[in-house]
1. Would the range C:124-132 turn up any residue that is part of a loop (DSSP other than H, G, I, E, B), under 30 Å from residue C:265 (Cα atoms) and more than 14 Å from every other protein chain (Cβ to nearest Cβ)?
2. Give just the number: which of (1) at pLDDT below 85; (2) part of a helix (DSSP H, G or I) does residue C:101 not satisfy?
3. Mind listing whichever residues of the range C:95-114 are in contact (Cβ under 8 Å) with a residue 60 or more places away in the chain and either within 17 Å of residue C:178 (Cα to Cα) or touching a strand residue (DSSP E or B) at 6+ places or on another chain (Cβ under 8 Å) (or both)?
4. Looking only at the range A:79-110, which residues are buried (at least 19 other Cβ atoms within 10 Å of the Cβ), more than 7 Å from chain B (Cβ to nearest Cβ), within 28 Å of residue A:12 (Cβ to Cβ) and in contact with a helix residue (DSSP H, G or I) (Cβ under 6 Å, 6 or more places away or on another chain)?
5. Do you know which of the residues in the range B:142-190 that are on the phi < 0 side of the Ramachandran plot and not in a helix (DSSP H, G or I) is farthest from the other protein chains (Cβ to nearest Cβ)?
6. Checking the conditions here, which among B:252, B:246, B:199, B:232 is away from chain C (no Cβ under 11 Å), more than 30 Å from residue A:114 (Cα to Cα) and assigned to a helix (DSSP H, G or I)?
7. Among residues belonging to the range C:183-203 that are assigned to a loop (DSSP other than H, G, I, E, B) and surrounded by 15 or more Cβ atoms within 10 Å (Cβ to Cβ), point out the one that is farthest from the chain's Cα centre (by Cα).
């Protein structure tokens, strides 16, 4: 797929529970990611970053506001068969759960090939070629495809999950903590792959992480979230060196301290 | 995998398969007509009558084999109905339980009903149904299916609650699958196991209830061969020293129920070994 | 002061007050269930071969208590409940309550012995299994436990009868509770208890002989079910911190085992309670087989004569017995484990 596409959230928020026990995961925010973006979303656990991305891809209902894809509400897309396929072809999401990211009753090949079959109608050798191509990018052995999810490591599963999202050549990719479960040595490799893939294929990226170094490596623009709100956003370099919000400074300080400790 | 291990997996199903086979072809292969006098009355086993003859001269062996039909048929219908309705209901209740709105309420109310149904004994339901509607296969099947369905619902619901939050469901949505297809393709196979295991219990219980009703004289009328009915008339024979008319149907009943249990245990073992969690 | 005492005993007072409410509730559910099932019991009872006049229908409906709107019937039903009036049997013409009540004690006694025996047997098996961890005995016991499912009790009884009566002549013929000609004393209505109370030893011996096989079959059939629950509770209980504490503080083996059993007993007790009510109904098959009387004949007669009120009364009494059993179980549980008492905030 080619061409510019944009995914927008206008004043979207997510509140759980009833009036008395309401918990606000995300306060009303505006957020856009398009096929030219390279956005990093950082913040500690519970800041709402996962919920924000899940709302954008339609995995989570919005309590207020609306999410639009190319100016049309995604609810309308998801309701029709054709619309759903269009939307999912263009926008893909990889989550943070490594233990249940694959159906334990199906082989990895089955799971990775499903989006190709459903969204692109691609099967047989054509599909197999594409799958192997993406696997090699992610430094995965295609022989693993015949295994079941329980038979490979968590880190490998995470990379297979990435492969599953990338096989359909999405225009926008949203990643939620996808490298957090990987070994440090593998993290770097995967981050490189994602960065290269984004630049070569012109894919828009929204990358959620609680690790600043990984995010700043990939992102041109940084968004900092704290307790459901976006407290700061701007160019990566600027946010890193001239944070305007005290929370950002705290986050940076913690990260710097960690780096110094690691360097000793 | 070794061939022998593969074969051994299916061995526990053999008794049940043989039983079903007998139920199907029985009437065509038995040596004597089950509802006609075949020889002298009250002959012990031997002399061409494998299980002897009863007090009216009918061949016990033929009647025992043919009687399998009735009990097994009802058990099969009840099990199919309870499972085919119970599992989808359990899935719907489980998937929608926490939601607000009418579907969520329906889910929670459903659970209460299921809990209540546990205390009701199946046989009494059978007795009451026969009392109110007469001994028809249809009303008995429906009544038993309704009584035993809540357990299938509850078992499925518990599994669905576990599966509901698994990330591969999200991945399936990302792959463009509709909610319906996701339920069938991912939720169902991962939550149906306990209901399948319980299905063998439902099967065995249905056999017992239908035979018990026959025994109590509330089922089908003689001379239709039915294990319970045969046992009932066999009791007085036992006191006269003629043990064969009651023993063989009783044995057949035990074997049938045991086969169902064995198959159920095998299903449990099988699905445990293929679950890759 | 009185309020203090009331507060401390709140747990069983509340539960006791709830009992009649539960009984009334379930009786009402039964009322609706037998009426909301599709079909017309009045029609089933009448011989429709020559057509039915409205008068005939009305007469039959009145006899069955099915005339008037459903709310009228409910009102009559509740009024009847308070006076223990469940209508009149169309078979004997006597009040249904009397028919059931006269047969209830011997049924309850039978179930008591069957379930009680099964509980004891389960505990014995549990103790054995704790000692024997391997070998053929272990696997045999485990195989037995797995039978906790559908077992045809009357088929087993036949097998036992053929073996022990026809072949070995160890048990008497299945023709009743006592040898023909003997009379059972009536004091409380519970046959064995009455024999003990009146010192009729020969009758007692005869009765024990006749009940041997049916009770043995009941024990054989119900033990796996109870034991499965008990074993599940045991697994939890053995590994719990309370047990470890006991072991660490040097308690004797017997004391440890007792404390494990006490804590594990809860789920088994609940199972026994729920089985009791169901069995008072379910034992009618064995009662017929061994000619033990009890509720079985009444139920069968009600079915054969389409005595709607009889069936309804039967169900109501069964429901009441179940509620009482649940009540007893709850009280026992709350005694065994103070954490289960309502109003107690504890780590559970």
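The values are calculated or read from the model by the stated rules, or taken from the named source; none is laboratory data. What you see is a predicted model, and the numbers here were worked out from it, not measured in a lab. Every residue, glycine among them, receives a Cβ derived from its backbone with ideal geometry; neighbour counts consider all protein chains shown.
1. Yes - at least one qualifying residue is present in the range C:124-132.
2. (1)
3. Residues satisfying the conditions are C:96, C:103, C:105, C:106, C:107, C:109, C:110, C:113.
4. A:87, A:94, A:98 - these are the residues of the range A:79-110 that are buried (at least 19 other Cβ atoms within 10 Å of the Cβ), more than 7 Å from chain B (Cβ to nearest Cβ), within 28 Å of residue A:12 (Cβ to Cβ) and in contact with a helix residue (DSSP H, G or I) (Cβ under 6 Å, 6 or more places away or on another chain).
5. Pass one, the range B:142-190, residues on the phi < 0 side of the Ramachandran plot: B:142-175, B:177-190.
Checking which are not in a helix (DSSP H, G or I) leaves us with B:164-166, B:175, B:177-178.
Numbers: B:164: 11, B:165: 8, B:166: 4, B:175: 4, B:177: 6, B:178: 7 Å.
In this case the residue turns out to be B:164.
6. B:199 is the lone residue from the list that is away from chain C (no Cβ under 11 Å), more than 30 Å from residue A:114 (Cα to Cα) and assigned to a helix (DSSP H, G or I).
7. By that ranking, first place goes to C:200.
Per-residue answers, yes or no, for (1) within 14 Å of another protein chain (Cβ to nearest Cβ); (2) closer than 23 Å to residue C:320 by Cβ; (3) at pLDDT below 75; (4) surrounded by 14 or more Cβ atoms within 10 Å (Cβ to Cβ):
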position: C:45; (1), (2), (3), (4): yes, no, yes, yes
position: C:68; (1), (2), (3), (4): no, no, no, no
position: C:74; (1), (2), (3), (4): no, yes, no, yes
position: C:88; (1), (2), (3), (4): no, yes, no, yes
